[in-house]
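K.L.:
Attaching a single structure in structure tokens format; questions to follow.
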Amino acid sequence: MVDKGAIPLFIRLFGHKHLKIAEQAIWALGNMAGDNIEFRDQIIEAGGIDRIIYLYTRIKNQKSVKNVAWALSNLCRGSPPPNYESVKLAVPVFGKMILDESDSETLSEALWALVNLTDNQDDEKLDDILTIGIIPRLAQLLQHKSLNVVIPTVRVLGHVLSGAKHQTDEVLKTDAVAQFRRLLSVKRKLVKKEVCFCLSNITAGTSDQVSHVVRDEELVKKLLDIALNHEEDEIKREAIWVLANATNHGTEDDIYTLLKNGLYDVFLVLLDSQDIKTVLIVLESLLYILNAGKHAYRTEDGENAFLIAAEKMGIITKVDKLQHHPHREVYRKGLMILETFYDMEPLI
């Protein structure tokens with residue numbers, strides 16, 4: 001059918017005076033785009049994006065809007081993705097759908113399209129998301145009753161939060177962090193993982209951005225609980241990354257707040273983890289913490305307060321035992337801590 005010139009014919013039908021015929025043409029090309037990236041690219045090259053957008057301005061009923069959202073979304077997905085310049089005209093349309101529509105399926109299609117279009121977290125693409133003014137709406141959609149809407153919303157926000165400082169700041173102007181805290185209580189593992197990804201992007205930012213997470217005591221306690229008690233190592237690691245980034249990019253006072261809320265208790269357990277990645281994250285974070293104590297948190301005797309606390313908790317003893325660890329990188333990071341803060345006499 002494509003070889004017989006069906007694509008240009010269907011695109012011409014988008015302007016048909018009878019909307020039902022135009023909608024059938026949309027349905028046909030949406031299927032083609034979703035099934036085959038070569039067909040997708042041919043539809044885009046033939047002006048399909050422009051014509052679908054024009055059709056969107058003519059339709060009123062919810063079912064038709066949903067079909068347009070689905071077809072446009074299919075034109076923006078696939079591997080490899082379409083050329084962004086060829087599809088960027090659709091971004092404001094998806095934005096309008098997100099702002100104006102209430103149907104869950106329409107919202108989901110529009111959101112997943114933006115997920116796909118911003119997947120490489122390019123700053124120019126993320127600025128296009130800011131320009132269409134949907135960030136406050138995305139924060140609202142974090143409360144949506146359907147996870148089919150919530151999950152792509154979190155994913156879009158995660159992409160924005162991985163961008164430049166001004167892009168992250170736009171998200172932090174909303175109550176997104178409070179909504180992330182609430183979503184950490186959702187049982188579905190994918191939600192926890194995606195939320196932790198968002199939070200780790202925040203704590204990888206400036207100290208002002210880190211404070212939005214660290215100074216939310218309930219949020220910190222939830223992250224510590226996940227890092228300590230979740231049954232899957234992957235989810236534990238995501239939570240640990242949030243906290244570890246905060247020790248790297250936050251202030252000394254932020255580190256003190258994390259320790260006061262039980263970060264060392266979590267480290268004490270996780271240093272015995274069988275998951276090598278988790279142990280490495282903990283050791284890297286511990287190095288940042290002890291350096292911060294060396295420069296900013298000292299006892300009356302001039303000692304490193306964070307180091308003394310780690311000794312009393314038994315953390316340094318466990319680090320010393322890691323000199324016998326079979327994994328070279330674990331051994332190396334543990335040794336670095338001991339060489340930095342002690343004469344190399346064994347502690348046990």
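K.L.:
Round to a whole number: what % of the accessible area of the range 221-348 belongs to carbon and sulfur, probe 1.4 Å?
P.N.:
After summing per-atom areas, the C and S share lands at 48 percent.
K.L.:
Here's another thing I want to ask about it. With every protein chain left in place, what is the accessible area of residue 144 in Å² (1.4 Å probe, nearest 10)?
P.N.:
Roll a 1.4 Å probe over it and residue 144 shows about 40 Å².
K.L.:
If you build the Cα gyration tensor of the range 56-208 and take the root of 5 times each eigenvalue, what three semi-axes come out, in whole angstrom, biggest first?
P.N.:
Over the Cα atoms of the range 56-208, the ellipsoid semi-axes are 24, 18, 14 Å.
K.L.:
So, one more: Would you please classify the overall shape of the range 181-235 from the alpha carbon gyration tensor, given that a ≥ b ≥ c denote the square roots of the eigenvalues, rounded means a/c under 1.5, and beyond that prolate means a/b larger than b/c while oblate covers the rest?
P.N.:
prolate
K.L.:
Apply the a/c threshold of 1.5 to the C-alpha gyration tensor of the range 188-267 and tell me whether it is rounded, prolate or oblate.
P.N.:
oblate
K.L.:
While we're looking at this one, here's another question. Please work out whether the range 6-106 counts as rounded, prolate or oblate from its C-alpha gyration tensor, where a ≥ b ≥ c are the square roots of the eigenvalues and a/c under 1.5 means rounded, while otherwise a/b larger than b/c means prolate and anything else oblate?
P.N.:
It is oblate, given that a/c is not under 1.5 and a/b is not larger than b/c.
K.L.:
Treating only the Cα positions of the chain as identical point scatterers, give the base-10 log of I(q)/I(0) from the Debye formula at each q in 0.07, 0.14, 0.16 Å⁻¹.
P.N.:
-0.40, -1.03, -1.23
K.L.:
Let me ask something additional. I'd like the Karplus ³J(HN,Hα) series for the range 251-256: coefficients 6.51, -1.76, 1.60, θ = phi - 60°, whole numbers in Hz, and an x wherever there's a Gly or Pro.
P.N.:
For the range 251-256, the Karplus-derived couplings read 7, 4, 5, 5, 4, 4 Hz, x marking Gly and Pro.
K.L.:
I would also like to ask the following. Could you sort out which of 20/60; 60/145; 236/277 sit more than 20 Å apart by Cα distance in this structure?
P.N.:
Violating the 20 Å Cα-Cα cut-off are 60/145.
K.L.:
Over the chain, calculate the relative contact order: mean separation of alpha carbon pairs under 8 Å at least 6 apart, over the residue count, as a percent.
P.N.:
Computed value for the chain: 8 percent relative contact order.
K.L.:
Moving on. Excluding ligands and nucleic acids, what accessible area in Å² is computed for residue 283 using a 1.4 Å probe, to the nearest 10?
P.N.:
0
K.L.:
Kindly write out, for the range 328-334 in residue order, the coupling ³J(HN,Hα) from the Karplus curve 6.51 cos²θ - 1.76 cosθ + 1.60 (θ = phi - 60°), rounded to whole Hz, with x marking Gly and Pro.
P.N.:
Result, ordered by residue: 4, 5, 5, 4, 5, 5, x Hz.
K.L.:
Counting C-alpha atoms alone, how compact is the range 215-340: give Rg to one decimal and Dmax as a whole number, in angstrom.
P.N.:
13.8, 43
K.L.:
While we're here: Could you check how many percent of all C-alpha pairs in the range 22-63 are farther apart than 11 Å?
P.N.:
Every Cα pair in the range 22-63 considered, those over 11 Å come to 66 percent.
K.L.:
What accessible surface, in Å², does a 1.4 Å probe find on residue 339, ignoring ligands, DNA and RNA and rounding to the nearest 10?
P.N.:
Approximately 110 Å² of residue 339 is accessible to the 1.4 Å probe.
K.L.:
Quick one: pull the percent of accessible area on the range 40-127 belonging to carbon and sulfur, 1.4 Å probe, ligands and nucleic acids left out.
P.N.:
Solvent-exposed carbon and sulfur of the range 40-127 make up 46 percent of the total.
K.L.:
Treating only the Cβ atoms of Lys and Arg (+1) and Asp and Glu (-1) as charged, compute the dipole magnitude of the chain about its Cα centre; round to the nearest 20 debye.
P.N.:
The dipole magnitude comes to about 1560 debye.
K.L.:
Sticking with this one: Quick check for me: using +1 on Lys/Arg Cβ and -1 on Asp/Glu Cβ, what's the dipole size of the range 192-348 about its Cα centre, in debye to the nearest 20?
P.N.:
For the range 192-348, the charge dipole is close to 260 debye.
K.L.:
How high is the FRET efficiency between residue 85 and residue 265 when r is their beta carbon distance and R₀ equals 45 Å, given to the nearest 0.05?
P.N.:
0.30
K.L.:
Also, I was wondering about something else. Could you tell me which residue out of 249, 297, 326 lies farthest along the dipole of the range 239-331 toward its positive end? Charges go on the beta carbon: Lys and Arg +1, Asp and Glu -1, centred on the Cα centre.
P.N.:
326
The values are calculated or read from the model by the stated rules, or taken from the named source; none is laboratory data. Remember, predicted model here, so these are calculated numbers, not experimental data. Reconstructed Cβ throughout: ideal geometry from the backbone, glycine too, with neighbour counts over all protein chains shown. Each accessible area value is taken on the protein alone, full model and side chains, heavy atoms only, with ligands, DNA and RNA left out. Shrake-Rupley method; radii C 1.70, N 1.55, O 1.52, S 1.80 Å.
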